[in-house]
Each structure stands twice: as C-alpha cells, then as structure tokens.
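The values are calculated or read from the model by the stated rules, or taken from the named source; none is laboratory data. This one's a predicted model, so the numbers in the text were calculated from it and none came from an experiment. Ideal geometry is used to build each Cβ from the backbone, glycine not excepted, and the neighbour counts take in all protein chains shown. Please note that ligands, DNA and RNA were not included when accessible areas were found on the heavy atoms of the full protein model with its side chains. Shrake-Rupley method; radii C 1.70, N 1.55, O 1.52, S 1.80 Å.
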Amino acid sequence: MNKLIFGTAILALSAGAALAESHSVVRMGTEGAYPPYNFINDAGEVDGFERELGDELCARAELTCEWVTNEWDSIIPNLVSGNYDTIIAGMSITPERDEVIDFTQNYTQPDPSAYLIMAGNEDLDVKSAVIAAQTNTIQAGHVAEMGATLVEFSSPDETVAAVRNGEADAVLADKSYLAPIADENPDLVLMEQEELIGGGVGMGVRESDGELKAKFDAAIQSMKDDGSLNALIAKWEIGAQF
C-alpha cells in the first residue's frame, strides 16, 4: 500500500514538474457526457456550462487551454498521471477526493440531487428501492450510506436506461441533469424528494500544482465578484447562484 501511494506521489510530482516547465498550454479534462455541465455538440466539440466557464477562466488567468475528454471512472487517476492538468467535469468537492487531488474554490453551489422514476411510481420508498447512480459519484456514495440497493454505471445515460428497462427503480443524480430528461419524456418524472450532497463543484488539480490552482482561484473569484459567474449559472440553469 505504501509503495502504491509513493508511486502515485512520484507520478503527481513528475506531472507537476512537466507543467511547471511550460504553462503555454493547460489541458482541461472533462467527461463530455453530463449536460448541461459538459457534453459533445453536433460539431464534435466539448460544449456546455463548463466549456464556456473554462474558456473564460483561462482568458482571465492568461492561460492557453485545450480540452481533453476522459471517461468518468478514470478521470482522477489520469489527472494524477499527467494526461491533463485540470478536471472541470461537474465534480463535487468531497473530503475523499481532496485526499488524492486538490480543488479550487467552488464555482457552483451544491446542486440538489433528484430521483428520476417512471411515471406512476411516485410513492416509491427510496430507502428500500434499487437506485441507479454513476460510478464514483457523491450520489452513489449517498445511496450506499442510506442502505438502499445501489447499482452503478459508468455513464449517466446508462443510469436512465436502467430505470426504463426495469433494472432500477430510480436514478439519483444532479437535478440540473435529470430535469431536462423529465421535461422531454412524459413517461419519466422527478420525485418531490431531493438530497443535498457535497460542497459544490470545483476544478480538480494535482496537489503539486499550487501555482495553477491559485491562478484559477483568482479567476473564479473575479467572476463571482463581477456577477459573470451568476450569469453563466442562470444561462445554463445550473442551480443556485452566489
């Protein structure tokens, strides 16, 4: 176990050193599969709230940035190993994650998590139900803690499909992700019950990249101060404003 931790630390330090040598391009890692936070548009490009936010943060920090997509279940290990320099992917700040990587200040408030179910199943008792959640999310951790039966999937689309095919009774995910799905599909509805989990969403960086973190922290704060972050949150219907 100590060897594994030491090896991870070496990877992080090496990746950080490489970034320190050249800040000409900062690689922004995202999932590209979690609208409205991030998704791939018809042109095959990263789009969404975090694309618009990330581009503005890079401009304010005077950094040249490029976008990289990565599957959610390996997004933290691949940051640590140097495949990209930040995670900007709807990632909630949690103590468990903060033990492995570092976070900027939050750029969203904690987003209510909602349950998506099939219409007609509104009396569902979630504590005794089968609940689908994306792997390695705060929602998956919450389901496990409350004692319900958890089924995990690598992508958010698969969690919704599990409810449709009867594999799960409900999906627990960010309300901002599930609400448009419920609006567009009359056979799917949101339960009234919601959960408040996590400490808001922030950018993930390697623990060795303190200078990069400071630049993004300053850029996020400037957007909070001038109201432009609230404008983006309202535009993309992300949740509560600052």
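A few comments on the model shown:
- Residues of segment 111-140 that turn out to be open to solvent by less than 30 Å² (accessible area, probe 1.4 Å) and within 21 Å of the chain's Cα centre (by Cα), as a count: 13
- Filter pass, residue 37 being farther than 27 Å from residue 227 by Cα, crowded, with 16+ Cβ neighbours inside 10 Å and of a type in the set (Ser, Thr, Tyr): no
- The residues on offer are 70, 136, 78, and the sole one that is under 27 Å from residue 190 (Cβ atoms) and of a type outside the set (Val, Ile, Thr) is 136.
- Considering residues of segment 12-33 that are modelled with pLDDT of 95 or more and open to solvent by less than 20 Å² (accessible area, probe 1.4 Å) only, the residue farthest from the chain's Cα centre (by Cα): 26
- Residue within segment 85-95 that is acidic (Asp, Glu), closer than 26 Å to residue 157 by Cα and in contact (Cβ under 8 Å) with a residue 40 or more places away in the chain present: no
- Check on residue 163, modelled with pLDDT of 95 or more, closer than 19 Å to residue 134 by Cα and part of a helix (DSSP H, G or I): yes
- Of the listed requirements (1) outside any loop (DSSP other than H, G, I, E, B); (2) of a type outside the set (Asp, Glu); (3) buried (at least 21 other Cβ atoms within 10 Å of the Cβ), residue 238 misses just one: (1).
- Residues that are of a type outside the set (S, T, N, Q) and open to solvent by 60 Å² or more (accessible area, probe 1.4 Å), drawn from segment 63-110: 66, 71, 73, 77, 95, 96, 98, 99, 100
- Residues that are assigned to a loop (DSSP other than H, G, I, E, B), surrounded by 15 or more Cβ atoms within 10 Å (Cβ to Cβ) and either modelled with pLDDT under 95 or of a type in the set (Lys, Arg) (or both) within segment 167-223 comprise 197, 198, 199, 200, 206, listed in sequence order.
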